[in-house]
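Down below is the structure, laid out as structure tokens.
The values are calculated or read from the model by the stated rules, or taken from the named source; none is laboratory data. The structure displayed is predicted, hence computed values, not measured ones. Here the Cβ is made from the backbone with ideal geometry for all residues, glycine too, and neighbour counts use every protein chain on show. Please note that ligands, DNA and RNA were not included when accessible areas were found on the heavy atoms of the full protein model with its side chains. Shrake-Rupley method; radii C 1.70, N 1.55, O 1.52, S 1.80 Å.
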Amino acid sequence: MKGSEENVNISLLEADPGSLPAFKVALQDAFRVAAEADFGHPLEEPIPSDEDIEQSFHTKGAVTYWIMAAEQRVGGAVVVIDQMSGRNSLSFFFIATSQQSKGLGLKAWHAIEKAFPLTNVWETVTPYFEKRNIHFYVNRCGFKIVDFYNKYHPDPHQVSHHLDGKGDDDEMFRFEKIMEGASAGKRESQPGD
């Protein structure tokens, strides 16, 4: 089975506005499973919140993609592209729970990098408790941890949302990946323009 998974081609399909409600449900389902496992109980509210997802869809420079494998939706990503600086961010990234541990996440990340070859720096954040995500970004994708947001060093771009009543869910790692070969002086049109 593993051999056939290695040969699966991953592509990115820009999400049309009509598919955004399904995207939101798939994203929240993938995040919910991980969060409930970490918290040890079912969540009362969706994670991420509807408001956070909607905001990401409508952020200037945002592009929402379905991650496709053999014509099947297996995940999704929301990226924010800054044409002027080449400093782009990964707002959301997920692989459906039923499709995880098949190497699809890394292939999807490579497809995103390929789609935006003029990126100078990629950045993203993930909760401190998401060890699987931390491993993925640092050990598989080549990101470096550059900040640890917590009550002593809050994320300047995030409003506090407490999921479990303890307040420590605001603890997030911020990652950066400096891309080799990108030229800050050569900005061209990229997908999402």
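Name every residue in the range 48-67 that is more than 13 Å from the chain's Cα centre (by Cα) and of a type in the set (S, T, N, Q), in order of residue number.
Ser49, Gln55, Thr59
Could you look through the range 50-77, keep only residues that are in contact with a strand residue (DSSP E or B) (Cβ under 8 Å, 6 or more places away or on another chain) and open to solvent by 90 Å² or more (accessible area, probe 1.4 Å), and pick out the one that is nearest to His157 (Cα to Cα)?
Residues of the range 50-77 in contact with a strand residue (DSSP E or B) (Cβ under 8 Å, 6 or more places away or on another chain): 53, 56-57, 59-69, 73-77.
Pick out the ones that are also open to solvent by 90 Å² or more (accessible area, probe 1.4 Å) and you get 60, 73.
Numbers: Lys60: 15, Arg73: 31 Å.
Checking each candidate, the answer is Lys60.
Looking at Ile47, is it of a type in the set (A, V, I, L, M), closer than 22 Å to Trp109 by Cβ and open to solvent by 10 Å² or more (accessible area, probe 1.4 Å)?
Details: of a type in the set (A, V, I, L, M): yes; closer than 22 Å to Trp109 by Cβ: yes; open to solvent by 10 Å² or more (accessible area, probe 1.4 Å): yes.
Against the criterion (of a type in the set (A, V, I, L, M), closer than 22 Å to Trp109 by Cβ and open to solvent by 10 Å² or more (accessible area, probe 1.4 Å)), Ile47 qualifies.
Could you list, ordered by first residue, the pairs with Cβ atoms under 6 Å in which the first is in the range 46-63 and in contact (Cβ under 8 Å) with a residue 12 or more places away in the chain and the second is acidic (Asp, Glu) and surrounded by 13 or more Cβ atoms within 10 Å (Cβ to Cβ), at least 6 apart or interchain?
Filtered contacts from the range 46-63: Gly61/Asp82.
Within the range 119-136, is even one residue over 23 Å from Glu171 (Cα atoms) and modelled with pLDDT of 95 or more? Step through it out loud before you land on a result.
Here is the first cut: in the range 119-136, the ones over 23 Å from Glu171 (Cα atoms) are 119-120.
If we keep only those that are modelled with pLDDT of 95 or more too, we end up with 119-120.
So far as the range 119-136 goes, yes, one or more of its residues are over 23 Å from Glu171 (Cα atoms) and modelled with pLDDT of 95 or more.
Please find, within the range 90-103, the residue that is surrounded by the fewest Cβ atoms within 10 Å (Cβ to Cβ) out of those that are under 22 Å from Ala62 (Cα atoms) and in contact with an Asp or Glu (Cβ under 8 Å, 6 or more places away or on another chain). Before you say what the answer is, go through the steps one by one.
Let us first name the residues in the range 90-103 that are under 22 Å from Ala62 (Cα atoms), namely 90-96.
Now restrict to residues that are in contact with an Asp or Glu (Cβ under 8 Å, 6 or more places away or on another chain): 90, 96.
Values: Leu90: 21, Ala96: 19.
It comes out as Ala96.
Among the residues of the range 126-143, what is the count of those that are open to solvent by 60 Å² or more (accessible area, probe 1.4 Å) and not in a loop (DSSP other than H, G, I, E, B)?
Going through the range 126-143, the residues open to solvent by 60 Å² or more (accessible area, probe 1.4 Å) turn out to be 128, 131-132, 135, 139-140.
Imposing the further condition that a residue be not in a loop (DSSP other than H, G, I, E, B) reduces the set to 131-132, 135, 139-140.
Residues flagged as open to solvent by 60 Å² or more (accessible area, probe 1.4 Å) and not in a loop (DSSP other than H, G, I, E, B) within the range 126-143 amount to 5.
Residue check, Pro156 against (1) part of a strand (DSSP E or B); (2) open to solvent by 60 Å² or more (accessible area, probe 1.4 Å), all met but one. Which one?
(1)
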